[in-house]
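Working notes for the structure below.
The values are calculated or read from the model by the stated rules, or taken from the named source; none is laboratory data. Just so it is clear, the structure is predicted and the values come from calculations on it, not from any experiment. Glycine gets a Cβ as well: all are built from the backbone with ideal geometry, and neighbour counts include every protein chain shown.
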Amino acid sequence: MTTLWKIATPVACVAVISGAAILWWVHKQKAIERKKFGEAASISRVGAEQGDARAQFEFASMYYKGKGVRQDYGEAARWLRKAADQGYAKAQDALGVAYYYGQGVPQDYAEAVRWYRRAADQGYAKAQLDLGSMYYEGKGVRQDYAEASRWYRRAADQGDAMAQYGLGYTYFQGKGVPQDYAEAIRWYRKAADLGNVMAQDNLGYMYFEGKGVPQDYVEAVRWFRKAADQGYAKAQYDLGYMYSQGKGLPPDHAEAARWFRKAAKQGDTKAQRALKTRLSTPSKVLITIEFLGTILLLVSSYRSAGGAFGPQQRTAIVKELLGLSYLVLVCMGLFQMGVAQTNAFRFTKNLLAGMVLAMLISVIWQQSAKSVLRISGMLFVAFNLYAIAHYDVKHFAPAIRMFYLTNALLIGMAIPSAAAVWLAAKTYQEGQSRSGQAAPSQT
């Protein structure tokens, strides 16, 4: 028991200090950002109250995003209207968006169209795109593909990538304009060159099908990859499909599964179905390793129990249940089942992974508990100190999953190791206590 406390106490202290330091650092960075946005809000308020339309628009944006002021859609809409009434095109378009989504004002498509039109008539490209979309969808106005194409073209001619994509799509569908794949390609390419992911993916599709251009799988892959690298789920599935079929590049089922998994995490149903019906070689290897590891734990635990139902056998049962539970979670994760995409599931899976790993090490090296506990503790401290030193608020958020999953793994490794050290200390003390008692004798 004394040995356990000697190891556990400093590790726990460092863990608490590290956690507190992380919270302090995050709080400090948030305080700095709040102060910066607060100062910007104060400057914008002065200009807005003096009637400056641009300042009113900027102040409204702060209310909309909750930057420097408490988020308030109603207040954002109020300041947008002040700027819009002065003819400020950006505010007019933003007020149209507020009416479209019903944010701070009652949802009203007709009113959204009215404000979009006022901004569009001033030549504001985004408003022209928004107005074109209302005509395309038939919201607030009678559906009119020709009018939608006309507004898309006005915005596209100003270099708006989304409008260029929209115009290309109308040519692809032949809605409002004659169907023309070559013209669709031309507008898709303009938008794709500006980084629009939907245009990049659609351009890849045109090369895949050979519509408007000679069929070219290599070029299709190139455009799918551009969109996939930006996180567009549909393109990630499309790229995974190309890998799985060996079109435009050598077949690679592991890489296909990797891209399917990326798309599936974003909710792409095609990718989720693909993962359910296809297991990559690494996935098969992982399942095999976990299965064999569980069997190894079961067999070794049963042999060490000696057949009698006592503390050792109870420990064996716990080990077997933990191993089997982890195997179930691995299978759920590979097949994208239900809660497998939640953070709680991932944390639990990594926690069990650490526990199983520590128990497998103990099977191979029976005196490993103290070493594993020390190593996991040192890695825990080192990793958290690294996180404190290298991530501020802006960069910490994207890495938060890696942060809690790594900590879960290390904590999982420490739990069975600490339990083993404690049991060993307890057994030793009981043995010492028994050996110190006087043997019975005759008088």
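Some observations on this one:
- Test: Ala254 is at negative phi and surrounded by 19 or more Cβ atoms within 10 Å (Cβ to Cβ): no
- Any pair with Cβ under 9 angstrom, 6 or more apart, that starts in region 104-120 at a residue that is at positive phi and ends at one that is of a type in the set (Asp, Glu): Gly104/Asp72; Gly104/Glu75
- With respect to (1) farther than 20 Å from Ala271 by Cα; (2) surrounded by fewer than 21 Cβ atoms within 10 Å (Cβ to Cβ), the lone exception for Met198 is condition (1).
- Residues in region 367-382 include none that are farther than 26 Å from Ala274 by Cα, of a type in the set (D, E, K, R), at pLDDT below 65 and in contact with a helix residue (DSSP H, G or I) (Cβ under 8 Å, 6 or more places away or on another chain).
- Within region 93-113, no residue satisfies the criterion of being hydroxyl-bearing (Ser, Thr, Tyr), within 20 Å of Ala53 (Cβ to Cβ) and surrounded by fewer than 20 Cβ atoms within 10 Å (Cβ to Cβ).
- None of Thr277, Thr269, Thr281, Thr288 is surrounded by fewer than 18 Cβ atoms within 10 Å (Cβ to Cβ), over 30 Å from Leu322 (Cα atoms), among the β-branched types (Val, Ile, Thr) and modelled with pLDDT under 95 except Thr269.
- Residues located in region 243-276, provided they are farther than 16 Å from Tyr232 by Cβ, small (Gly, Ala, Ser) and outside any helix (DSSP H, G or I): Gly246, Gly248
- Identity of the residue in region 162-183, among the aliphatic types (A, V, I, L, M) and under 15 Å from Ala148 (Cβ atoms), that ends up farthest from the chain's Cα centre (by Cα): Val177
- Residue within region 68-88 that is surrounded by 24 or more Cβ atoms within 10 Å (Cβ to Cβ), touching a Leu at 6+ places or on another chain (Cβ under 7 Å) and either of a type in the set (Asp, Glu) or closer than 20 Å to Ala163 by Cα (or both) present: no
- Close Cβ contacts (under 6 Å, 6 or more residues apart or on different chains) running from residues in region 218-246 that are under 21 Å from Asp193 (Cβ atoms) to residues that are at pLDDT below 95 and in a loop (DSSP other than H, G, I, E, B) comprise Val218/Gly248; Ala220/Gly248; Val221/Gly248; Val221/Leu249.
- Output for region 46-78, where each listed residue is in a helix (DSSP H, G or I), touching a residue at least 24 places away in the same chain (Cβ under 8 Å) and within 34 Å of the chain's Cα centre (by Cα): Phe57, Ala60, Ser61, Met62, Tyr64, Tyr73, Gly74, Glu75, Ala76, Ala77
- Residue tally, condition in a helix (DSSP H, G or I) and β-branched (Val, Ile, Thr), over region 166-219: 4
- Residues of region 143-161 include at least one that is outside any helix (DSSP H, G or I), among the charged types (D, E, K, R) and surrounded by fewer than 21 Cβ atoms within 10 Å (Cβ to Cβ).
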